[in-house]
Protein chains: 2
Amino acid sequence: MKFLHTADWHIGRTINGFSLLEEQKYAFEQIKEIAKNENVDALIIAGDLYDRSIPSVEAVTTFNEMLTDLVINEKIPVYAISGNHDGAKRLNFGRDFFADSNFYLSTNIEEAMKPIETEDTQYFLLPFIDPSDARVYYKNVVGEDDELVKSYTKISDAVMRIVSDIRDNFVEGKKHVLVTHFAVSKKGEESDDELKQLMLSETSSTVGGLATLTHDIFKDFDYVALGHIHTHEASPSESVVYSGSPVIFNSKEAKLSTQKGIYIVDDTDGKINKKFINLKVEKPFYVLNEDFETLTSKDFYKKYSGQNAWYSIQLKDYDRKAMEGINIRARLEDIYGTDIVELSFEERYQDIKNQSQNKPTSVGQTAPEVTINNFYEEMTGQKPSDFQEKVIEDILIDIRKER
Amino acid sequence: MKFLHTADWHIGRTINGFSLLEEQKYAFEQIKEIAKNENVDALIIAGDLYDRSIPSVEAVTTFNEMLTDLVINEKIPVYAISGNHDGAKRLNFGRDFFADSNFYLSTNIEEAMKPIETEDTQYFLLPFIDPSDARVYYKNVVGEDDELVKSYTKISDAVMRIVSDIRDNFVEGKKHVLVTHFAVSKKGEESDDELKQLMLSETSSTVGGLATLTHDIFKDFDYVALGHIHTHEASPSESVVYSGSPVIFNSKEAKLSTQKGIYIVDDTDGKINKKFINLKVEKPFYVLNEDFETLTSKDFYKKYSGQNAWYSIQLKDYDRKAMEGINIRARLEDIYGTDIVELSFEERYQDIKNQSQNKPTSVGQTAPEVTINNFYEEMTGQKPSDFQEKVIEDILIDIRKER
């Protein structure tokens, strides 16, 4: 058993309209070379293949080229699942054809029950799902009665049940690998604040479970190849592992400055060994938080300017009045070029009120269900009932699926 | 050589929001049974697989089930091309995987040059293209110089050049079948009014050539399996043939009341034989053009009501004042049910002006380039120049591709 574990390719991702396709292709070429050099049995992509459920034509074309190159030209089997960013049903088109050529794609629970069998290993592919997907599966496919099905209201209940069914298909003497895509907590606690922060930076939604799985659910697997969180440092245990994304997707990830890469996993000597292999970056991502004077002084900018890079600039100590009439973006573009993907301002003089504790969070940084609940509370003076919360969750699931 | 020729499935089509998926599945089951009973070498779908370039999730799921059923379960090879309704690049995802399982899909000119070879036949799959696609192909792929490439401004020039290149790949002693998707004229004239009417009823656009191909372009092929026009009666010659769509898509097609079906084509005795096999309709499509009194009298409606049918109703001799306060749709639904997909009114008293010769055509019935040209002429008093017309055409091509 030897495989490459990667995840969260998010093909088609943009930052404020700037395409990351070139970065994604650059990372892909490295991943392909590693897979060839390491002579792996398979390449695992643990969800979020695309960035959106209806990807752009460019994203579809690029991902098609990558898969064709890996599976058809290089004969490297690919095992992939859909993540929360993927449109599972759209992605599913052609899967029975793909399997004939060693591209295994799982987009629903039914497929998760049928492992890919190699000589020494069983690979189970469980895509990102909602509790409602589990209810539909156990009712319509398995034919369970309503009362039991109704109990799958939390993602942890649903996944525990699924994992238990997967275990029933374990063949003894083989290694058991799970490929899946959820927020799995390091500490065994539901409220892992650090993880929640990482999560919010990439999903802006708690639908389907924000850090509600704990790694002990997966204790019977030899290795769990996770996707969802974009840094390998968030891995909850030695054998329940995030590979992280191959590319930096935003300034928050750039600030964390964790190394992007992939895992090579094998079982030499009967035990699981994993090594993290770094991916190079063609175009660095600089996050600069300085005042205007510093940003425009040569001593400072000579380190950053004149290269092929992305820039996220937060202008410190910004004095709106003093800067009136100055086109700040144009001045900065003269120095840093046009790839300034973010430009924000930290004002010198701020209204005291705005600095108070009750300063509202920007809606964009809050999960939609939190925004709706806050609005409800503000309007009615009471919290939504459990039933109302359920309705809100169902609607948000539908909306997410449509997108 | 023996194949089934069908086209214009338009999976996901709706009439004013009413889904035709059930009709499409009913027709599909018949087509599959015919292909099995006739023991064909292949099933040809000559374009417009989907109704839209970004089909709905239901359409994607349904078409995936159909293809999997045909190719993987029933082992019937499928040869298909993209039509003007399909998003060629999106549809192209996975094509190299599909080909391994005998589902051959062509979405560009490059693929049209590589025939599918069987023991006795070469099948060339030329999808619907624009002149601009030909210019890109001959410049970027073939590497022709600009001057020659520029000459492909009309679709007939482009297709003639492509057909000439295809002929260079002919293997002697084999039959040569072309699968393509254009408006091809019966009479060998560019201005075939009857054909234009048929065309407009289904595309509402002349972009990419409205009846600009004549069937003699294709004289070197033994059989040309066409898609685009929805009735087999529009076939331009004995060997250049429209199969028509398997399902009635609107009231115009219902009024023509031509039989829907598919062709079985073989070459017993060395010559090409084709037979048209009718497809049954599960749910009839009635077009009723009567006054309100007739529509609501039992003697009339007993022939139509009380069955599973679609209704397109044009209310004749409609007296707006006399009918005030009557909910006409509700009254008609009481009799005919809720599947009234169209309801329009022919007023008894009309303003004389509106009946004059200059009565404007409804925009919906006019090709966008005609609407734009008319508007330009109305505003400026002169016709757009050739250059302006070219710009308009290019923009409309881009818009259509995006859709």
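What does the charge count around B:MET66 come to, taking other residues whose C-beta lies under 10 Å from its C-beta (Lys +1, Arg +1, Asp -1, Glu -1)? Mind showing how you got there, number by number?
On the way: positive: B:LYS25, B:LYS32; negative: B:GLU29, B:GLU65, B:ASP69.
Neighbour charge sum, excluding B:MET66 itself: -1.
For segment A:57-160, the relative contact order works out to 20 percent when only alpha carbon pairs closer than 8 Å and six or more residues apart are counted. Entry note: chain B has Rg to Rh equal to 1.00, where both radii use alpha-carbon atoms and Rh is the Kirkwood radius.
Taking the Cα centre of segment A:2-278 as origin, work out the dipole magnitude from +1 charges on Lys and Arg Cβ and -1 charges on Asp and Glu Cβ, in debye rounded to 20. Don't jump to the answer; show the numbers that get you there.
Working: 29 positive and 46 negative charges, 95 e Å.
I would put it at about 460 debye.
In terms of surrounding Cβ atoms within a 10 Å radius of their Cβ, A:ILE15, B:ILE262, B:ILE81 rank from fewest to most as A:ILE15, B:ILE262, B:ILE81.
Overall, segment B:363-402 carries a charge dipole of about 60 debye about its Cα centre when +1 sits on the Cβ of Lys and Arg and -1 on the Cβ of Asp and Glu, all other atoms neutral.
When only Cα pairs under 8 Å and 6 or more residues apart are kept, what is the percent relative contact order across segment A:285-349? Mind dumping the intermediate values first?
On the way: 92 pairs, mean separation 26.8, N = 65.
In percent, rounded to a whole number, it is 41.
Convex hull volume of the Cα atoms of segment A:363-402, normalised per residue: 64 Å³.
Taking the protein assembly as shown on its own, what percent of its Cα-Cα pair distances exceed 34 Å? The partial results should precede the final answer.
Working: 199782 of 324415 pairs.
Percent of Cα pairs beyond 34 Å in the protein assembly as shown: 62.
Taking GluC sites (Glu not before Pro) across segment B:31-97, the ones in a DSSP loop with at most 16 further Cβ atoms lying within 10 angstrom of their Cβ are B:GLU74. Less than 5 angstrom separates the built amide H of A:HIS176 from those of A:GLN122, A:ASP222, A:TYR223, all sequence-distant by 5 or more or on a different chain.
May I ask what percent, to the nearest 5, of DSSP beta bridges between residues of the protein assembly as shown are antiparallel? Don't jump to the answer; show the numbers that get you there.
On the way: 28 of 108 bridges.
Around 25 percent of the beta bridges assigned by DSSP in the protein assembly as shown are antiparallel ones.
Check A:ILE44: other-chain or 5+ apart residues with amide H under 5 Å from its amide H, H built from backbone geometry? The answer is A:LEU4, A:HIS5, A:THR6, A:TYR79. According to the calculation over all Cα-Cα pairs in segment A:285-349, the P(r) per 10 Å bin from zero is 22, 60, 18, 1 %. Between B:ARG167 and A:ARG52, the distance separating the two model label sites (each 7 Å from Cα on the Cα→Cβ line) works out to 4.5 nm. Taking all Cα pairs closer than 8 Å and separated by 6 or more residues, the relative contact order of chain A comes to 15 percent. Subtracting the Cα-Cα distance of B:THR14 and B:GLU377 from their residue separation scaled by 0.36 nm leaves 127.2 nm. For segment B:292-309, putting each phi into the Karplus relation 6.51 cos²θ - 1.76 cosθ + 1.60 with θ = phi - 60° gives couplings of 4, 4, 4, 4, 9, 9, 4, 3, 7, 6, 4, 6, 10, 7, x, 10, 7, 8 Hz, in residue order, rounded to whole numbers and with x for Gly and Pro. Springs join every pair of Cα atoms under 10 Å in this Gaussian network model of chain A, and among A:GLN259, A:GLN314, A:GLN24 the largest mean-square fluctuation is at A:GLN314.
Think of it as helices only: each DSSP H run of n ≥ 4 in the protein assembly as shown is worth -39500 (n - 2.57), and spread over all residues that comes to -9000 deg cm²/dmol at 222 nm.
Computed extension gain for B:LYS390 through B:THR294, at 0.36 nm per residue and net of the alpha carbon distance, reaches 29.5 nm. Net length available on complete extension from B:VAL141 to B:ASP319 is 57.8 nm, with 0.36 nm assigned per residue and the Cα-Cα distance removed.
One quarter of the convex hull surface built on the alpha carbon atoms of segment B:1-148 amounts to 10.0 nm², the projected area averaged over directions.
Counting only DSSP beta bridges whose two residues both lie in segment A:2-278, roughly 35 percent are antiparallel. When restricted to Cα atoms, segment B:214-256 yields an Rg and a Dmax of 11.8, 37 Å, respectively. Neighbour counts of other Cβ atoms within 10 Å put B:GLU282, A:GLU238, B:GLU324, B:GLU144 in the fewest-to-most order B:GLU324, A:GLU238, B:GLU282, B:GLU144. Over 20 Å between C-alpha atoms is what I'm after, so list which of B:LYS219/B:LYS274; B:LYS174/B:LYS219; A:LYS32/A:LYS186 land there. Beyond 20 Å between Cα atoms: A:LYS32/A:LYS186. Would you work out if segment B:228-353 is rounded, prolate or oblate? Take a ≥ b ≥ c from the square roots of the eigenvalues of the alpha-carbon gyration tensor; rounded if a/c is under 1.5, else prolate when a/b is larger than b/c, oblate otherwise. Because a/c hits 1.5 or more and a/b exceeds b/c, segment B:228-353 counts as prolate.
Every read-out reported here was derived from the displayed coordinates using simple, explicitly stated rules and does not represent laboratory data. Small disclaimer: the values here were computed from a predicted structure and weren't measured. Counting neighbours? That spans all protein chains shown, and the Cβs are built from the backbone with ideal geometry, glycine included.
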